[in-house]
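In what follows, a structure is listed as structure tokens, so that the remarks can point back to it.
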Amino acid sequence: MLTSPTSPKSPSSQSLPPSDAKARVSAFMKQLQDQISQSLAEVDGAGQFQEDSWERPEGGGGRSRVLQEGAIFEQGGVNFSEVWGTKLPPSIIANRPEAEGHKFYATGTSMVLHPRNPYVPTVHLNYRYFEAGPVWWFGGGADMTPYYPFAEDAMHFHETYKQACDKHHQEYYPVFKRWCDEYFYLKHRDETRGVGGLFFDYQDGTGALYRGPHADKAAAEYSNEIGELPTRSWEEIFAFAQECGKSFLPAYLPIVKKRHPMEYSDRQRDFQLYRRGRYVEFNLVYDRGTIFGLQTNGRTESILMSLPPLVRWQYGYQPEPGSPEAELYETFLKPQDWVNWKQRHT
């Protein structure tokens, strides 16, 4: 049976966080921000991250790091935040009503990179931790949005994250990959945002792995087939989140190094700017991180740093049949089994 995110967990079925949980997760999220921003600046070679620290009047704050006009990255942001308070945002109460009445704490690191070269994919990462009394969970993931179709890039990205998942449980990747395909989906366009990756939420070590709203789709169906996993501790879920966070650089940087030197023309650049419009549409209409940040009075500049610096919309665009742009629509904007792609297409 699918476990709904609104199903309350009894204290006996869920391990409680250690007393230093908040401090440990906060330290990891800061470390992840440091590692990623330092490595990206080194790869870019020209751009440097500018840091803004901010405070939230109700409690907490963060540090935003933004790189602009780099050699590789036209714009990129790597943010850390931790907020706390007594008033839960509506998005949390709607999904986990048992948290109501408790003080809350939330921390996380998020990142979005918009490369200049259309052959280098846009990429997103977010890992977060939430705690309210006895209620806690980890969430997050990473997904990649290419503008031009390179199957080997999608294969590498997915294989890296599958290896990270498999170190902790063989069923993590199959569920969280499907969940990612369903989450980063533009319903009004009937297309995925890109080639996906991982997405998970409300992971507290109990019940079924899938905790999303679509009981009739692939992630829920697969999760139902494997049933509820044995209870996993806070330490085990934290270790998994750390593994995923550390997997970003080996998943993405080899792709950047391979594609950045490729020459492109105005045609590829115009198509990149057009497709960036889809990124804007998703983040402003569907993205839960954006909604949570705005509902908790986060720093608006930091929340919206995920938007690209340049973008264009074009009425009624249709790719030329047989073109790379058409292949993107026909194959790369539909869920695919990227880990087994080579075996199935040789």
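The values are calculated or read from the model by the stated rules, or taken from the named source; none is laboratory data. Predicted model only: the values in this text are computed from it and were never measured. Positions of Cβ are backbone-derived with ideal geometry, glycine not excepted, and every protein chain shown enters the neighbour counts. For accessibility, only protein heavy atoms count, side chains too; no ligands or nucleic acids. Shrake-Rupley method; radii C 1.70, N 1.55, O 1.52, S 1.80 Å.
Quick notes on this one:
- Flag if Trp137 is touching a residue at least 40 places away in the same chain (Cβ under 8 Å), assigned to a helix (DSSP H, G or I), among the aromatic types (Phe, Trp, Tyr) and over 26 Å from Gln68 (Cβ atoms): no
- Which listed residue is touching a residue at least 24 places away in the same chain (Cβ under 8 Å) and farther than 22 Å from Trp234 by Cα, from Ala132, Ala151, Ala142: Ala151
- Residue list for region 80-116, filter: open to solvent by 10 Å² or more (accessible area, probe 1.4 Å), more than 18 Å from Pro57 (Cβ to Cβ) and in a loop (DSSP other than H, G, I, E, B): Glu100, Gly101, His102, Arg116
- Ser39 vs. criteria in contact with a helix residue (DSSP H, G or I) (Cβ under 9 Å, 6 or more places away or on another chain), in a helix (DSSP H, G or I) and within 28 Å of Arg116 (Cβ to Cβ): yes
- All conditions but one from (1) open to solvent by less than 70 Å² (accessible area, probe 1.4 Å); (2) part of a loop (DSSP other than H, G, I, E, B); (3) at pLDDT below 80 apply to Ser302; the one that does not is (2).
- Once region 231-281 is narrowed to residues that are β-branched (Val, Ile, Thr) and either assigned to a helix (DSSP H, G or I) or touching a strand residue (DSSP E or B) at 6+ places or on another chain (Cβ under 8 Å) (or both), the residue that is modelled with the lowest pLDDT is Val280.
- Residues of region 324-346 classified as free of Cβ contacts under 8 Å to residues at least 40 places away in the same chain and of a type in the set (Asp, Glu), total: 2
- Some residue of region 220-230 being of a type in the set (Gly, Ala, Ser) and either in a loop (DSSP other than H, G, I, E, B) or under 16 Å from His168 (Cα atoms) (or both): yes
- Residue match in region 167-176 (condition: open to solvent by 10 Å² or more (accessible area, probe 1.4 Å), assigned to a helix (DSSP H, G or I) and of a type in the set (Val, Ile, Thr)): no
- Residue that is closer than 28 Å to His156 by Cα, more than 16 Å from the chain's Cα centre (by Cα) and of a type in the set (Phe, Trp, Tyr), where the choices are Phe248, Phe282, Phe238: Phe238
- Here region 284-321 is the region considered, the condition is being in contact with a strand residue (DSSP E or B) (Cβ under 9 Å, 6 or more places away or on another chain) and among the hydrophobic types (A, V, I, L, M, F, W, C), and the residue that is farthest from Leu125 (Cα to Cα) is Leu310.
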